[in-house]
Amino acid sequence: MASLSSQPQFRYTQPPSKVLHLRNLPWECTEEELIELGKPFGKVVNTKCNVGANRNQAFIEFADLNQAIAMISYYASSSEPAQVRGKTVYLQYSNRQEIVNNKTTADIAGNVLLVTIEGQDARLVSIDVLHLVFSAFGFVHKITTFEKTAGFQALVQFSDAETATSAKNALDGRIIPRYLLSENISPCSLRITYSAHTDLSVKFQSHRSRDYTNPYLPVAPSAIDGSNQFNLGLDGKKLEPESNVLLASIENMQYAVTLDVLHMVFSAFGPVQKIAMFDKNGALQALIQYPDVQTAIAAKEALEGHCIYDGGFCKLHLSYSRHTDLSIKVNNDRSRDYTIPNPAMVNPQPSVLGQQPVQTMGHQYNETQYAPGVQQQPTMPPQPSAGWGSSAVPPMPQPMMNNHNPYIPPASMPQMTPGMMQMPGQGGIPPFRPTHM
């Protein structure tokens, strides 16, 4: 695209002015958008929006003449034109030296604040955190969040301008308190100006917008779970429903991972009731069922991101499954129900836990095959679980600790090999501590 200097409307003959004339703006361009466009070049002290027959023109006034010259010079020589909402904007010096009787909204106190969250993880700051911060100064009516070229922003509506001013004066330039943010979010600061809005329009309660004055406002489907309750985390994202069944995905599989290996790893946190392995999108996945949600949570928190073998091999990624009771139709090398004593094995094969190439299994499954069946299976009572690598890790369930395990034929009992996770309680071997990548 040609530079703006090639446009006949770009007038070099016009004497420089602190006021710039902008044309070809999108419909109902806002003052905030004009300020963001001029901000890289200096402080915009005044604006006049939506002028002209088509309401697609505007004026912006800089605090200093050199700032206006810098903006004109930059876009005159740049191959990338000025844009607002993807539309090319044409700029020129105005024949006026100031904008009269129209101060910038950023300088006029109002009841709505424009908040820019600055920081590497600004987009992870939830609307609930913002509500906690601003509620310290008065009742917050509404909050909406959005992303612009300036970054992650929010509009916060108070009852009156006095309350908004109090919040602005106290919070502008301040860092959000560390205790309000989760550990994975880096420090974020607030930059606050006044907005031209006086009453925000919020159509749904969601992780992006809230109306605290209307409890009967519909809730966006993306923000609720099956029980019609809000299901949002501190980062503003939808929470993952907890379950007693974990879905394990295994990456970087340089060595074989068998059903017995998975049982050994996951049994460190409580009795494993059922396991089903299947291939999906060329990767090995497995469903592991515990008797209760708490045991599954402990296992997930401890094992997520850890590797079964040293060197970063066979890395575990865990999530909660929508299933609660797996239906295991046959016991074989890919699925097993440990709640049934002496199960009949179909095509049993010995486990190979050494450094063997990954074998392609003959059975192809997917997660939906293990939905609850009509037949109810007896469950084992819950047992205490402990954190990963903790000295308080309890020994594995007693039936799994000897060579006469009724659930696994002697030929398929796993044998420890160098480089593999070592489980607590096996022959005096200390608790295993996997590599975390």
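The values are calculated or read from the model by the stated rules, or taken from the named source; none is laboratory data. These figures come from a predicted structure and were not determined experimentally. So basically every Cβ, Gly included, is an ideal-geometry build from the backbone, and we count neighbours across all protein chains shown. Only protein heavy atoms, including side chains, enter the accessible area calculation; ligands, DNA and RNA are left aside. Shrake-Rupley method; radii C 1.70, N 1.55, O 1.52, S 1.80 Å.
Within region 113-127, residues that are farther than 23 Å from THR165 by Cα reach partners that are among the acidic types (Asp, Glu) with beta carbons closer than 8 Å, at six or more positions or on different chains, in the pairs ARG123/GLU147; LEU124/ASP235.
Applying the criterion of at least 2 residues that are open to solvent by 10 Å² or more (accessible area, probe 1.4 Å) and either out of contact with any His (no Cβ under 7 Å at 6 or more places or on another chain) or under 20 Å from ASP325 (Cα atoms) (or both) to the strands (runs of 3 or more DSSP E) found wholly in region 263-311 leaves 274-280, 283-289.
Scanning region 145-196 for residues that are among the hydroxyl-bearing types (Ser, Thr, Tyr) and more than 15 Å from VAL112 (Cβ to Cβ) yields THR149, TYR179, SER182, SER186, SER189. All of (1) surrounded by 14 or more Cβ atoms within 10 Å (Cβ to Cβ); (2) without any contact (Cβ under 8 Å) to a residue 24 or more places away in the chain; (3) among the polar types (S, T, N, Q) hold for SER201 with one exception: (1).
Within region 62-84, the only residue that satisfies the criterion of being over 19 Å from ALA150 (Cβ atoms) and of a type in the set (D, E, K, R) is ASP64. Here ALA286, ALA296, ALA256 are screened, and the one residue that is aliphatic (A, V, I, L, M), more than 27 Å from the chain's Cα centre (by Cα) and within 19 Å of SER335 (Cα to Cα) is ALA256.
Cβ-Cβ distances below 6 Å connect the following pairs, each with a first residue in region 324-335 that is polar (S, T, N, Q) and open to solvent by less than 20 Å² (accessible area, probe 1.4 Å), a second residue that is part of a strand (DSSP E or B) and modelled with pLDDT of 90 or more, and a separation of six or more residues or different chains: SER335/ALA276. Whether a residue is touching a Leu at 6+ places or on another chain (Cβ under 9 Å), at pLDDT below 90 and over 30 Å from GLN205 (Cβ atoms) was assessed, and ARG85 does not pass this test.
Consider region 39-49 and keep the residues that are touching a strand residue (DSSP E or B) at 6+ places or on another chain (Cβ under 9 Å) and either charged (D, E, K, R) or assigned to a strand (DSSP E or B) (or both). The one that is surrounded by the most Cβ atoms within 10 Å (Cβ to Cβ) is THR47.
Filtering region 252-262 to residues that are touching a Cys at 6+ places or on another chain (Cβ under 8 Å) and open to solvent by 10 Å² or more (accessible area, probe 1.4 Å) leaves ASN252, MET253, GLN254, TYR255. The condition (being on the phi > 0 side of the Ramachandran plot, in contact (Cβ under 8 Å) with a residue 12 or more places away in the chain and in the same structural domain as ALA82 (by the TED database)) is satisfied by just one residue among ASN46, ASN56, ASN24: ASN24.
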